[in-house]
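Only one structure is covered here, and it is reproduced in the block below.
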Amino acid sequence: MDRSVPNPFGNSDLTKYWNQRRRLFSRFDHGVQLDDEGWFSVTPEQIADHVASRLYQLSEARPMVVLDAFCGCGGNAIAFAKLPNVTVLAVDVDRAKLRRAAHNAAIYGIPPHKLAFVECNVL
């Protein structure tokens, strides 16, 4: 946990997430963007990477398209898009969340052709 920099948001509910920000995104200090909900809902990077890797292994490394139906700020979508032969369709009802996810994917060097963003309600 990193408590060296105090929570700049002043929201005490976010303090424990702020202290773990580099667990959520290892490149947090490179400009990762989260909204209030994103702090609570993003899958920590190490877990997202592990899940993506396991599913990729189960697919026997065949090319695949992954649907992230509730993309949010992009944690899981980014984890899948890091893998070879994987294309991700990232869906959310909130355009601002999709913008943040695209911004965060760029921080991780995800090429635009690996990740498509769609604003819609999957329900």
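For region 57-123, the set of trypsin sites (Lys or Arg not before Pro) satisfying both a DSSP loop assignment and a count of at most 10 other C-beta atoms within 10 Å is empty.
Amide H to amide H distances under 5 Å link residue 67 with 89, where only residues 5 or more positions off or on other chains count and H is placed in the peptide plane.
Compared with the dominant principal axis of the Cα atoms in the chain, helix 95-107 is inclined by about 80°. When Cα Rg over 2.2 N^0.38 Å is computed from the coordinates, the matching label among [x] 1.20; [y] 1.57; [z] 1.06 is [z]. When 12, 59 are arranged by Cβ crowding within 10 Å, least crowded first, meaning fewest neighbours, the order is 12, 59. Mean residue ellipticity at 222 nm, helices only, the chain: -11000 deg cm²/dmol; runs of at least 4 DSSP H residues each add -39,500 (n - 2.57), and the sum is divided by the number of residues. Each label was represented as a point 7 Å from its Cα along the Cα-to-Cβ direction; for residue 46 and residue 19 these points are 1.7 nm apart.
Each reported figure results from applying straightforward, stated rules to the coordinates on display, with no laboratory input. Quantities reported herein were computed from a predicted structural model and do not represent experimental measurements. Note: ideal-geometry Cβ built from the backbone for every residue, glycine included; neighbour counts use all protein chains shown.
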